[in-house]
Amino acid sequence: MKRDRDEVEEEGNEERNKRKMEIVWQTPAHPAQKQDYIFHNGKRHVRPYYFEFVSHVNKRWEGKTIVDLFAQEFRGRSRDYYVSAVKCGRIQVDGENIPVSYIVKRCQKISHFLHRHEPPVMAWDVEVLQNEPDVLTICKPASVPVHPCGQYRKNTVLGILQAEYGLAPLYPIHRLDRLVSGLLIVAKNPAKADIFRQHIEAGLVQKQYVAKVVGVFPDAEQVVDANIEYNAREGRSTAEVGISNGDTTLKGKAACTKFTRISTNGIYSIVLCEPVTGRTHQIRVHLQCTGHPIANDMLYLSDDVVSRSTLGTTADRAASLSGGSPETSCESHKEEYKYCSEDFSIDPMCTHCPNLAPNGYDGHEEGLWLHCVRYTGPEWVYECPYPDWASLT
């Protein structure tokens with residue numbers, strides 16, 4: 001029996017509406033959960049999910065068409081994608097659908113609804129060291145950012161602690177770069193976080209890290225007192241030594257780090273690093289100044305900046321553009337991820353599907369041989385065990 005065309009179209013519309021109703025648009029208020037993660041090839045992946053990105057029209061954006069705004073400010077996707085996103089309501093202004101020719105006005109709310117793919121991190125445990133009434137200390141694994149930033153939201157220390165331990169809200173009291181491992185101190189309430197903040201701002205906190213560097217580090221204590229200037233575009237800091245006078249002015253901010261050799265095997269050295277100040281990449285660039293950079297730090301192993309296009313786009317770069325033991329066997333490291341409908345549903349508009357990781361993530365990265373081991377303040381001390389690589393025997 002031949003079916004009526006209108007009947008078929010009506011059923012198709014019902015199915016599309018059903019799929020549309022099944023979409024749950026997450027916001028930053030949605031907590032991370034255990035089932036959000038997929039472990040593959042020694043990496044912790046996040047199941048792709050629907051997410052509402054919200055921004056507000058600033059002075060630079062004012063007067064642009066909605067498509068021009070996205071095409072010029074968010075270049076991770078094509079102009080054609082943004083045209084389609086506006087037409088189907090994936091991009092809205094003040095909660096309303098708008099035409100592609102719509103001109104935005106100052107302070108308007110812009111929502112971009114998309115299928116979010118986060119970069120993976122290494123599948124090492126986020127180990128809780130001490131769990132006190134007001135303070136939590138953990139051993140942060142390398143490759144995991146502390147808090148949501150760039151493309152990272154659930155694949156963060158705070159997201160994992162919430163998903164696996166039910167710990168939230170939490171307030172990190174100091175910074176550890178994504179590729180750095182070691183001690184992270186987290187307050188459990190704003191009042192305790194404020195006490196730590198006051199100690200840090202008053203210069204009452206001493207920090208210690210260990211690093212594995214190239215060559216035989218000098219036996220005597222080394223003090224590097226060199227200004228540091230961070231170039232956000234390159235994702236790299238530079239150091240400048242000298243004295244400012246009427247003719248020349250040193251660039252960057254004052255920075256000082258003390259270094260003491262712990263051990264050496266003639267090829268590498270383990271060095272205790274004590275930053276007096278806290279500039280971006282301070283320990284890394286100051287170790288470069290000594291002629292003994294961190295042995296696996298591709299950014300500072302030489303004075304020449306390695307081309308990002310040559311190395312490929314790492315998750316560090318992906319984040320700037322938008323951020324225990326592995327649970328899989330060594331044999332699985334050779335296996336590429338193959339899409340499985342049980343893992344997640346493909347979104348027809350998504351530019352990353354059917355991959356787990358976002359486009360541009362090449363997967364070739366490792367944690368730095370730089371590890372935070374101790375924080376000391378007024379009447380408190382927190383420590384973290386040394387990593388395996390700190391033993392040269």
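Report, to the nearest whole %, how much of the accessible area of the stretch 134-263 belongs to carbon and sulfur atoms, 1.4 Å probe, protein only. Don't skip to the answer; put the middle values down first.
On the way: 3030 of 6010 Å².
Answer for the stretch 134-263 is 50 percent, counting heavy atoms of protein chains only.
Dipole of the stretch 71-182, Cα-centred, from +1 at each Lys and Arg C-beta and -1 at each Asp and Glu C-beta, to the nearest 20 debye?
Numbers: 14 positive and 11 negative charges, 154 e Å.
I would put it at about 740 debye.
Please work out the C-alpha center-to-center distance from the stretch 95-159 to the stretch 210-241 and express it in whole Å.
What the calculation gives is 30 Å, centre to centre.
Listed here are the pairs 34/188; 34/64; 192/258; which of them are more than 31 Å apart at the Cα? Present the calculation step by step, with values, prior to reporting the outcome.
Values: 34/188 21 Å; 34/64 41 Å; 192/258 29 Å.
In this structure, 34/64 exceed 31 Å between Cα atoms.
Counting Lys +1, Arg +1, Asp -1, Glu -1, what net charge surrounds residue 46 among other residues with beta carbon under 10 Å of its beta carbon?
Details: positive: 44, 47, 116, 153, 154; negative: 36, 118.
Its environment carries a net charge of +3.
The values are calculated or read from the model by the stated rules, or taken from the named source; none is laboratory data. Please read all numbers here as calculations on a predicted model, not as lab measurements. With ideal geometry, Cβ positions are generated from the backbone for all residues, glycine too; neighbour counts draw on all protein chains shown. The accessibility values were calculated without ligands, DNA or RNA, using every heavy atom of the protein model including side chains. Shrake-Rupley method; radii C 1.70, N 1.55, O 1.52, S 1.80 Å.
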